[in-house]
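Worksheet: the structure to be examined is printed underneath.
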Amino acid sequence: QVQFVESGGGLVQPGGSLRLSCAASQISANRFSILGMGWYRQAPGNQRELVASITGGGNLGYADSVKGRFTISRDNAKNTIYLRMDSRKAEDTAVYYCNSRQGGFAWGQGTQVTVSS
C-alpha cells in the first residue's frame, strides 16, 4: 500500500514563503511518475479540501483560494511532491496532506501549518 509522509509545516507569520514536502513510498518511480497527485488541507471544523494538483504530465490545478499564491511541483526521481506557499494568510491554517488526485490511498498524518502573527 502506498504511504505518504508530509513535512515542512510549522508556526509561521503571515506573508513570506514556506515549502511543504510529501514523500511517497511503497510505489515504484515509474508508477509514481504517471500518478496525478494533490495537496489537500483540513482546517478545524471543515472538510478536507483539494487545494492543488499536478498530473503525471505536469498539468497544474489550484483552488481559487490559493491560486496565485501556492505552487505545486514534483520530483519523480525522489517520489516527492512539493507545495510552495507564498503570501500566507491566517486562513491557510490547516493540516496539509498529500494523496492522489482522487484521494484513493491511505492518508498520512499530514503536517500542521499555523499562520499567525
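Within the stretch 89-100, how many residues turn out to be surrounded by 21 or more Cβ atoms within 10 Å (Cβ to Cβ) and under 24 Å from Ile34 (Cα atoms)?
Within the stretch 89-100, residues that are surrounded by 21 or more Cβ atoms within 10 Å (Cβ to Cβ) and under 24 Å from Ile34 (Cα atoms) number 4.
Output the qualifying pairs, or none if there are none: Cβ atoms under 9 angstrom, residues six or more apart or on different chains, first residue in the stretch 38-57 and β-branched (Val, Ile, Thr), second residue at pLDDT 95 or above and part of a loop (DSSP other than H, G, I, E, B).
Close Cβ pairs (under 9 Å, with a partner that is at pLDDT 95 or above and part of a loop (DSSP other than H, G, I, E, B)) amount to Val51/Ala63; Val51/Ser65; Val51/Val66; Ile54/Gly36; Thr55/Leu35; Thr55/Gly36.
Quick one: is Ser65 in contact with a helix residue (DSSP H, G or I) (Cβ under 8 Å, 6 or more places away or on another chain), open to solvent by 40 Å² or more (accessible area, probe 1.4 Å) and modelled with pLDDT of 95 or more?
Yes.
Within the stretch 1-42, work out how many residues are surrounded by 14 or more Cβ atoms within 10 Å (Cβ to Cβ) and part of a loop (DSSP other than H, G, I, E, B).
Count: 6.
Could you go through the stretch 72-88 and let me know if any residue there is in contact with a Pro (Cβ under 6 Å, 6 or more places away or on another chain) and either at negative phi or open to solvent by 30 Å² or more (accessible area, probe 1.4 Å) (or both).
Checking the stretch 72-88: at least one residue is in contact with a Pro (Cβ under 6 Å, 6 or more places away or on another chain) and either at negative phi or open to solvent by 30 Å² or more (accessible area, probe 1.4 Å) (or both).
Among (1) farther than 14 Å from Val2 by Cα; (2) open to solvent by 20 Å² or more (accessible area, probe 1.4 Å); (3) touching a residue at least 60 places away in the same chain (Cβ under 8 Å), which single condition is Gly103 missing?
All conditions pass for Gly103, except number (1).
The values are calculated or read from the model by the stated rules, or taken from the named source; none is laboratory data. Here the structure is a predicted model, which is why all the values come from computation and not from measurement. Neighbour counts run over all protein chains shown; Cβ positions are idealised from the backbone, glycine included. Areas reflect the complete protein model, heavy atoms only, side chains present, ligands, DNA and RNA absent. Shrake-Rupley method; radii C 1.70, N 1.55, O 1.52, S 1.80 Å.
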